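A short reminder: the numbers here are calculations on the coordinates, not readings from a lab. In this text, all values refer to a predicted model and were calculated from it rather than measured experimentally. Here the Cβ is made from the backbone with ideal geometry for all residues, glycine too, and neighbour counts use every protein chain on show.
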Amino acid sequence: MPQDINFLSQQQKIAQARSQTDRRSYVYIAIIAAITAVVYAGVWLTSAYYQKQVKAANQQLEKAKADLVSNLPDANQYLAFVDRLNTLTDLLEKRDNGMSTLDTMYNYSLTRLTGISKLSYDYYTRMYTVEFLANSAFSFAKLLTMLQDPKFTKPFKSFYITSLTRDSDGIYRLVTEMEI
Amino acid sequence: MPATPSDEQQKKGPLGLELGFDLDVSKLPTKNFLIVSLLFFVGLAAFVMMVIVPTIRGIFTNIDAIAATNQELATFKEKLANLQSVLTNSDYTESSKLNQILFEDNPYVQAHYNIVDLLDRYNLKRTRFEYSPGLIATPSADFVTLTSESAIARYQAAEDSESYTIYMVVNGTFKDVIAFVTDIERYAPYNAVTYVEISNTLLGEVTAQLEISVFYHQTDVNATIETDLPEINSGAQETLAKLDDFVIPDFSNLYNSDFTGRDDIFSSITPQEGLTPDDQATADETQEVISDELLLELYNGTLW
C-alpha cells in the first residue's frame, strides 16, 4: 500500500513537471507567434508604403501623359515641319546645280567665234547634251581648249564627245554629253 | 555502485523499450501540447507561405513597378521638355517660310503667276503651254525625246513626291531663256526645270522647249505619346540656310482683281429679296458651280 502511495505521488510530480514544461513551451510558442506578428506587421506596412508609392507614381505618370497628349497638336506641327523640310532637302539635292551649271556653261562658252547651237538638259538623268559650234579651225581649237579647262569641266561627273562634224561651209559641230 | 531501480526505469521508455540513454519523463511535453504545437507550426507555416511570402513578393513587384513607372515618367518628361525645346528653337521658326516655299496643296495658280511674270520680264514669247497634274503619261512625250532611263526616273519621282508639270515652248534670246530657267527655280512655290531643250535658230532667237515641275508635299503625320521627335540633320540644316535664297512673292492678293487684272464677276451679285431659303440655296449652288468653272478656267490658263 505505501508503495502505491509512493507511485501516485511520483506520478503527480511527473505530471506537474510536464505541465511546467508545457507552460514554458507555450511561452516559446507565444514568443514565436509575437515575432511572426511583428514581422508580418513590418511586411504589411512596407507593402502598404510601396503600394502608396506605386499609386503616386501612376498618378504622376498619368499627369505627364495628359501633358504630353495636350501637346500632341504641337508635336504634329513639328513632325509636319520636319517631314516637309526633309522633302525639300531631297528635292534640293535632286535639283542641285543643274540650272546654275547651264548658266555658267552658257556664259563661259559663248564667244564671238564659238557658240551653242543646241542644248538639252534632263533633270531626271542629270545629263546635258550640248552641240557647240566653231566657225573656223582656229576657233575650234579655242573651243577644245575651253572644254578641257578645269573651270569648265568642274561641275561634271563625266564628259563625253559624241560626235564631231565639219560642214562644207567650214563650221565645226561638236556634240557632247555631260553628266552632273 | 549498482544501478538503482529508478535508474533502470529511466533507461526504458514509457512502453518499457530500451532507449540507450537517460530519459527524464518529467521533462517531456504532454500529448495535448504536442497536438497544439503541431497545429501552431502547421498554421504558422501556412501563414508564412500564404500570407507573408506573397506580401513580400508583392513588395518586390511594387518596387519593380515604381522603377518602371519612374523610367516611363522620365521618358515622358524628357519628351515634353524636348518638344518645348524644339518649338522654341530658331529652326522651327522657319516653318512658315518653309510652308511658303513648299506648298501643302497644289500651287498651280501661284506657279502660273510666277512663270507668266518672269516670261514677261525676260520678253519671252509663249508659243505653247500645257499643264499636267502628274508625271505619268506626260504630254511632253509629244515633243521631248526622253531616254528610257529618264522615263524610269520620272516614274519613280512621280511615286516619291507630288508635283504639277507645266510644259511650254517659248521664243526669245538665248541669254533671256537661260536667265529665265535659272531665275524661275529661285521663286516659290518650289519648282525645278526638269527638261530644257534649246535650239538656236541662228537668227538671234532660240526656241526653247521647257518642262517645269512644281512640287508640293502633303504631310501625313500623326504624333502619339510614343512618337520620338526627329532631329534636324545636317542636310536639313543646310536647306534651312538656303530658305532665304528663295524669292517669296506676296500671293495674298492673288485672287483680287487689282492683282490679276480681272474683275470678280460675282462681287456684284446680291441676294434677291423675297427668295425662299430653297431658292437661296439653289442660287448659292449655282454660284458654286460657276466658281468651279472659273477656277477651271484659271487652271487652264485661259484667263491670263
Report summary line: What the Cα atoms of the stretch A:81-180 span along the principal axes, largest first and in whole Å, is 60, 20, 19
**Report entry** Rounded Å value of the spacing that divides the Cα centres of the stretch A:37-98 and the stretch B:200-235
**Finding:** 33 Å
Query raised in the report: Lys pairs in chain A, Cα-Cα under 26 Å, at least 8 apart or on separate chains: how many?
Result: 15
Report summary line: A correct fewest-to-most ranking of A:LEU61, A:LEU119 by other Cβ atoms within 10 Å would be A:LEU61, A:LEU119
Requested in this report: Using label points projected 7 Å from each Cα along Cα→Cβ, tell me how many nm separate A:GLN10 and A:VAL38, to one decimal.
Outcome: 4.4 nm
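So if a site counts as exposed when it's one of the trypsin sites (Lys or Arg not before Pro), its DSSP state isn't H, G, I, E or B, and it has at most 12 other Cβ atoms within 10 Å, what's the longest stretch of chain A without one?
My reading of the result: A:1-111 is the longest stretch.
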Query raised in the report: Could you give the distance between the Cα centres of the stretch B:20-99 and the stretch A:132-180, to the whole Å?
Result: 82 Å
Query raised in the report: Along the stretch B:58-69, what does the Karplus equation 6.51 cos²θ - 1.76 cosθ + 1.60 (θ = phi - 60°) give for ³J(HN,Hα), rounded to whole Hz, x for Gly and Pro?
Result: x, 4, 5, 4, 5, 4, 4, 5, 5, 4, 5, 5
